[in-house]
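Heads up: the structure comes next, in structure tokens.
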Amino acid sequence: MKCAICGGEALIEGMCLECYLKRDRLSWVGDVIEIVKCPKCGRYFVNKVWKDLDFDSALFESIVSRIRVHPQFEVEDVEVEQLNSGRCVFRLIGNVEGREVVDELSVEVRVKTRTCERCAMISGGYYEAVVQIRADDRRVEDFELEKVKDVIERILEKERDNVKAFVSKVVERREGIDFYFGDKNVGRKVSREIAKVLGGKIIESRKLHTRKDGRDVYRYTFAVRLPCYRVGDVVREGERICVVVGVGKGVDVTNYASVNLKEPKVVKRREDLEKGVVVNYDDYVVEIASERGLVKAVKSFDVDLGEEVYYFEYGSRCYVIPSRFYEGG
Ligand SMILES: [Zn+2]
Ligand SMILES: [Zn+2]
């Protein structure tokens with residue numbers, strides 16, 4: 001087929017590429033591209049979704065999503081050049097029926113700000129659930145709070161496409177700390193994960209908050225009650241005296257047996273244990289030199305002369321715990 005204009009070889013719409021390009025384009029986009037940014041969280045609204053992107057990627061995605069290309073134009077590569085004038089040149093590199101061609105589009109870029117739905121909800125104090133962190137018979141410790149914050153961060157990261165996955169308020173109280181969650185399911189997930197990581201029980205309750213479209217809307221409370229004991233504390237589980245080695249796990253200080261902790265009562269806090277050095281031992285007794293003088297404890301663990309150990313008195317006896325239970329944390 002021949003070009004209707006110049007009589008050369010026709011490639012596109014009955015014309016050769018040169019004659020076609022004098023009359024029409026290979027790609028189209030509007031004159032203006034509007035980039036919408038949330039001033040609070042910095043995300044961009046691209047393809048009807050708020051995304052965590054840098055400006056260049058947001059611009060690129062916004063243009064690509066609006067561009068139309070002639071069906072015979074096979075695009076292989078795209079280049080973007082931002083000009084100081086607030087315009088941007090978009091270069092499409094490809095071929096038409098095997099003939100290499102570059103099509104350039106020039107677009108005006110306008111940045112607009114609009115608060116996203118999530119930030120609007122956060123600043124309005126929206127919440128569906130409160131996760132309360134409390135400890136049984138003691139204060140919530142700093143390391144536990146750190147773990148709680150890690151769990152929240154991890155779960156929010158996984159839920160990043162969920163518009164209600166946020167914490168709108170944190171309230172520190174004498175007895176613990178409260179986190180207000182935008183999504184009750186995220187609150188529930190967080191409370192379960194905390195109980196898994198730190199032990200403890202969850203008490204779930206709900207209160208009627210309002211009615212919406214004829215439905216009752218509830219607000220939930222997930223009260224996480226951390227166990228009375230912590231790793232390193234000495235507890236009594238039934239008749240056994242155990243040092244806590246993990247969530248729900250103890251070691252009997254009289255015979256070194258593993259014990260599952262079900263209803264443990266704290267006998268000695270780890271910070272109240274005393275420290276000393278093994279100066280002598282036989283099969284039954286360990287002698288420990290300490291600030292209190294020479295102490296005799298039940299020998300249950302293997303110890304070495306000169307080894308630093310912890311000990312505590314309970315009932316009429318003294319027990320020893322090797323310091324390896326307190327290493328690395
Ligand atoms: Zn022609
Ligand atoms: Zn935002």
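Laboratory data are not the source of any read-out in this text; all were calculated from the coordinates shown. Computed from a predicted structure; not experimentally measured. Neighbour counts run over all protein chains shown; Cβ positions are idealised from the backbone, glycine included.
Here are the numbers for this structure:
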{"read-out": "Electrostatic dipole magnitude of the stretch 17-113 [Cβ: Lys, Arg +1; Asp, Glu -1; Cα centre; debye, to 20]", "value": "680"}
{"read-out": "Modelled FRET efficiency - R0 41 Å, R317 with V170, Cβ distances, 0.05 increments", "value": "0.35"}
{"read-out": "Karplus (6.51, -1.76, 1.60) ³J(HN,Hα), θ = phi - 60°, over the stretch 255-260, in Hz, Gly and Pro reported as x", "value": "9, 6, 7, 6, 9, 7"}
{"read-out": "Among beta bridges that DSSP assigns inside the chain, antiparallel share in %, nearest 5", "value": "85"}
{"read-out": "Net dipole in debye of the stretch 1-47 [+1 Lys, Arg Cβ; -1 Asp, Glu Cβ; about Cα centre; nearest 20]", "value": "340"}
{"read-out": "In Hz, Karplus ³J(HN,Hα) per residue of the stretch 54-68 (6.51, -1.76, 1.60; θ = phi - 60°; x = Gly, Pro)", "value": "7, 4, 4, 5, 5, 4, 4, 5, 5, 5, 4, 6, 9, 6, 10"}
{"read-out": "Peptides 186-198, 207-219 ordered by average Cβ neighbours within 10 Å, highest first", "value": "186-198, 207-219"}
{"read-out": "Förster radius 56 Å - calculated FRET efficiency between E18 and K275, Cβ distance, rounded to 0.05", "value": "0.05"}
{"read-out": "Residue order, fewest to most beta carbons within 10 Å, for Y311, Y281, Y229", "value": "Y281, Y311, Y229"}
{"read-out": "Where GluC sites (Glu not before Pro) fall in DSSP loop in the stretch 261-293, at most 10 other Cβ within 10 Å", "value": "E291"}
{"read-out": "Sequence of C242, C116 once ranked by neighbouring C-beta atoms within 10 Å, starting from the fewest", "value": "C116, C242"}
{"read-out": "Gain in span if fully extended, R99 to E308, counting 0.36 nm per residue against the direct Cα distance", "value": "67.1 nm"}
{"read-out": "For the stretch 17-113, share of DSSP beta bridges that run antiparallel, in % to the nearest 5", "value": "80"}
{"read-out": "GluC sites (Glu not before Pro) lying in DSSP loop within the stretch 80-145, provided at most 15 other Cβ fall within 10 Å", "value": "E97, E141"}
{"read-out": "Long-range amide H partners of V163 with built H, under 5 Å", "value": "none"}
{"read-out": "Relative contact order, percent, the stretch 234-326 [alpha-carbon distance under 8 Å, six or more residues apart]", "value": "22"}
{"read-out": "Karplus-derived HN-Hα couplings along the stretch 193-200 (A = 6.51, B = -1.76, C = 1.60, θ = phi - 60°), whole Hz, x at Gly and Pro", "value": "5, 4, 5, 6, 6, 10, x, x"}
{"read-out": "Length-normalised contact order of the chain in % [C-alpha pairs under 8 Å, at least 6 apart]", "value": "10"}
{"read-out": "Built amide H within the under 5 Å cut-off of K249, gap 5+", "value": "L261"}
{"read-out": "Among A129, A120, A165: highest mean-square fluctuation, GNM of the chain, C-alpha pairs under 10 Å", "value": "A120"}
{"read-out": "Gaussian network model of the chain, springs between alpha carbon atoms under 10 Å - residue of G86, G200, G276 with greatest fluctuation", "value": "G86"}
{"read-out": "Potential extension, R87-K147 segment - 0.36 nm per residue separation minus Cα distance", "value": "16.9 nm"}
{"read-out": "Sum of -39500 (n - 2.57) over DSSP H runs of 4+, divided by residues of the chain (222 nm, nearest 500)", "value": "-5500 deg cm²/dmol"}
{"read-out": "Only Lys, Arg (+1) and Asp, Glu (-1) charged, at Cβ; the chain dipole about Cα centre in debye", "value": "1980"}
{"read-out": "Leading residue at positive end of dipole, the stretch 17-113 (Cβ point charges), from V64, N47, F90", "value": "N47"}
{"read-out": "Unsatisfied cross-links (Cα-Cα over 23 Å) in the set K51/K164; K268/K296; K262/K296; K169/K262", "value": "K262/K296; K169/K262"}
